[in-house]
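Structure, as structure tokens:
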Amino acid sequence: MNSAKTIVIAVVGLVVLAVLSASLFIVPEQQTAILLRLGKIVDSDFKPGLHVKMPVVQNVVLFDRRIQTLDTKPEHFLTSEKKFVVVDSFVKWRIGDVAQYYRSTSGNIATTSRLLGERINAALRDEFGQRTIQEVVAGDRSQIMEELAKKADEGANDLGVEIVDVRIKKIDFPPEISSRVYERMQTERERVARELRAQGAEAAERIRADADRQKTEILAQAYKESEIIRGEGDALSAKAYADAFNKNAEFYAFWRSLDAYRDVFANGGSMMVLDPESEFFRYFSSQKGGE
């Protein structure tokens, strides 16, 4: 009887432990949970820790409440100018209302990605449809992303999802448009280059003309000064000759005649045909020269 009693106590203990184990559940720190009874939500948004449920008829579904990343594939969007741009973006999101999230997506991550992607694309389409290509490519990206995050968060409320951030990784043109854009950019750069070359040539001509003018002015001024100096030298020379002539005119005339004789006979010639009464023979015919 003692052994039978022991067996009964052990079985009852095991049953109690099984009931307690089925009645308790733990929600980890990084997760949240909903409590279901026959497929219907009884309670939700449990805090991390140990909780109690009814065994058999109730079950618990856990969800990750950390921030998730949805990296969408690049999509084509029209700008206000009816031009296509290719936008590559990603979204940071987390579960905001776990009960609504379960009702909207059944907790399926693929369903969540699809529905969330549709709402993000709608927000992107609205935002880019209000802007020009210039504003999209060269505008304030932070402002665009703030507006996107706000609109996406409003659009994702029915999913029980909170949009933490929307980031644009890349904005590009479709290949057929990119080639035309690059051609226009090349044409514009060539036009700017031609303008700069023309401006450089004009500046060079202006500098060259100014240099030629300065050269002409400098040469003219130098020639003027040289003529003045030469004139002053000739005047001094003439004055010196005049002073010397006035001191002894006869000697000066004699000296000039000697210079003339020296120049005539410098080449070795000894024959001249002249009138004997010529002034050239003045000092040959008279010892006093004047007689």
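The values are calculated or read from the model by the stated rules, or taken from the named source; none is laboratory data. Because the structure is a prediction, the values reported are computed rather than measured. Cβ placement follows ideal geometry from the backbone for every residue including glycine, while neighbour counts extend to all protein chains displayed. We work out accessible area using only protein heavy atoms, side chains counted, and drop any ligands, DNA or RNA first. Shrake-Rupley method; radii C 1.70, N 1.55, O 1.52, S 1.80 Å.
R0 = 25 Å: FRET efficiency of residue 24 with residue 99, Cβ-based, nearest 0.05?
0.70
In terms of Cα to Cα distance under 28 Å, which lysines are near enough to residue 239, apart from those fewer than 8 places away along the same chain?
In chain and number order, the partners are 224, 247, 288.
Compute, for residue 35, the solvent-accessible surface of its heavy atoms (probe 1.4 Å) with the complete set of protein chains present, and express it in square angstrom to the nearest 10.
So the heavy atoms of residue 35 present about 10 Å² to solvent.
Mind scanning 92/169; 82/169; 73/169; 83/170; 92/151; 47/92 and naming the pairs with a C-alpha gap bigger than 20 Å?
Listed pairs above 20 Å: 82/169; 47/92.
Under the rule of at least 5 residues apart or a separate chain, name every residue whose amide H is placed under 5 Å from the amide H of residue 43.
When sequence neighbours closer than 5 places are left aside, the close amide H contacts are 35.
Using amide H atoms built in the peptide plane, which far-off residues or other-chain residues are under 5 Å from residue 31 H to H?
65
Region 70-194: percent of C-alpha pairs farther apart than 22 Å?
Here the long-distance tail beyond 22 Å is 42 percent of all Cα pairs in region 70-194.
Evaluate E = 1/(1 + (r/R0)^6) for residue 168 and residue 204, where r is the Cβ-Cβ distance and R0 equals 51 Å; express this FRET efficiency to the nearest 0.05.
Working from the Cβ atoms, E equals 0.60.
Give, in nm to one decimal, the length gained when the segment between residue 222 and residue 40 is fully stretched (0.36 nm per residue of separation minus the Cα-Cα distance).
Taking 0.36 nm per residue and subtracting the Cα distance, the gain is 54.4 nm.
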